[in-house]
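Every number here is computed from the coordinates shown, using simple stated rules; none is lab data. Remember, predicted model here, so these are calculated numbers, not experimental data. As a convention, Cβ positions derive from the backbone with ideal geometry for all residues, glycine included, and neighbour counts pool all protein chains shown.
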Amino acid sequence: MSQFSYQLLSQDLETGARRGVFSTPHGTVQTPAFMPVGTQGTVKGVTIDQVAATGAEMILGNTYHLALRPGHETVRRLGGLHGMTLWEGPILTDSGGFQIFSLESIREITEQQATFRSHIDGSIVQLTPEHSIEIQESLGSDVAMVLDHVVALPAPRSTVVDAMERSIRWAGRCLNAATRDDQARFAIVQGGLEAELRIQCAKELATMDFEGFAVGGLSVGEAPSEMYRITAATCPHLPADKPRYLMGVGRPIDLLESIARGIDLFDCVMPTRNGRNAMAFTDRGNVKIRNATYREDTRPLEEHCPCLACRHSLGYLRHLFVAKEMLGPILLTIHNLTYYQRVMSEARAAIENNTFAQYVREKKAGWGMVDELP
Ligand SMILES: [Zn+2]
């Protein structure tokens, strides 16, 4: 009996949006869900209690960063990611594939392995699918991602096909290498911006024994409409009884558009990174806190937001950033994470009530965006 399950609670009648529950050994996750990113074993700038208070139920750790520093054996000896961070809920770790690609440190990809240069000390590191799983087993995450071959887009079709086919073979090697019953494995669909390749990849991976499926290799510079098109093409070919995860995405609008196309799980550095850079997400769009118009503004960032940042005035938040105080980035990180969780919570309620399409239209109107629903 698997320790993991996905229960589809309800489906929106107008769109492909799904309301579900993903169960893991460290608890359940109400989906659609957003996972804050804890790259180095910490969600930057905030304590684990503050992360939990935003409403997050699952967080993400990065295999690449943790394997290089402090090293996965060290993480294991310190109690794994759960023991180290004190996060009691589910944790997902990526496989390292995207980091190797995005840090442009890649030296060579062969059928056997990826070879890259460490961004810390410049040493040559080799990563096989088997080693990626071994590292993630040491980290002790609830969900391990398979090692995939990500290519920069646009790329020649032959390059995209080659990487997609290798990603499928590597997914199989990851499954064979896995030894832990308390860790789920998620496959990653590749295939660039060609729907036909994505569908082929999804169908092949769906025949394999994975507990969940991800759409990878997107949000790498393509237009949002392209990302939505590929997500819409892929989701119908993934098993309905398993969670679907869109990796590294995105803006609040991208989350809603992707939920409408059948996605259940998300992660992105945007709420934390933008928070550190003085940008807040709100129902009226993005707010640049440093703006001089907020100098003596006594109103909170958002009237109805329960977060700590919104108990302060806009003028005070602006002052913290202008004075380069640590508290500014901390407070905006808390607000942005709270905002993302609120949007997910509202989305879940809207799916249950069959009002998801209307909800997205209202959100877009607030953000000043035009309607792009399928
Ligand atoms: Zn707030």
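Worth a mention:
- For the chain, the ratio of Cα radius of gyration to the globular rule of thumb 2.2 N^0.38 Å stands at 0.97.
- Charges were assigned to the Cβ only: +1 to each Lys and Arg, -1 to each Asp and Glu. The resulting dipole of the chain about its Cα centre is roughly 940 debye.
- By the Cβ distance rule of under 4.7 Å, the chain has these cysteines without a partner: Cys174, Cys201, Cys235, Cys268, Cys307.
- Value of Rg to Rh for the stretch 275-355 (Rh from inverse mean 1/r over Cα pairs, i.e. Kirkwood): 1.04
- In a fully extended conformation the segment linking Thr47 and Ile124 would gain 24.4 nm over its present Cα-Cα distance, using 0.36 nm per residue.
- More than 15 angstrom apart: percent of Cα pairs within the stretch 142-211: 50
- In plain terms, the bigger the Kirkwood radius, the slower the diffusion; for the stretch 199-260, with that radius from Cα pairs, at 4 °C and 1.567 mPa s, Stokes-Einstein puts D at 107 µm²/s.
- Distance between the stretch 56-73 and the stretch 292-367 - C-alpha centres, whole angstrom: 28
- Structure remark: mean-square fluctuation, Gaussian network model of the chain, C-alpha springs under 10 Å; the largest value among Asp283, Asp267, Asp94 belongs to Asp283.
- Sequence of His335, His82 once ranked by neighbouring C-beta atoms within 10 Å, starting from the fewest: His82, His335
- Computed helical MRE - 222 nm, the chain, DSSP H runs ≥ 4 contributing -39500 (n - 2.57), nearest 500: -11500 deg cm²/dmol
- DSSP H segments from the chain that extend 27 Å or more along their own axis, Cα-based, with Kyte-Doolittle mean of -1.0 or above: 157-177, 327-352
- Among Arg284, Arg185, sorting on how many other beta-carbon atoms sit within 10 Å of each Cβ, with the fewest leading, yields Arg284, Arg185.
- Dividing the C-alpha radius of gyration of the stretch 179-287 by 2.2 N^0.38 Å, with N its residue count, gives 1.15.
- Taking the chain as the region of interest, the number of lysine pairs whose Cα atoms are within less than 28 Å, with members eight or more places apart or on different chains, is 8.
- Whether the stretch 32-109 is rounded, prolate or oblate, judged on the alpha carbon gyration tensor where a/c under 1.5 counts as rounded: oblate
- Compactness ratio for the stretch 264-304: Cα radius of gyration over 2.2 N^0.38 Å (N = residue count) comes to 1.36.
- As a proxy for reagent exposure, ranking Arg173, Arg77, Arg244 by other Cβ atoms within 10 Å from fewest up yields Arg77, Arg173, Arg244.
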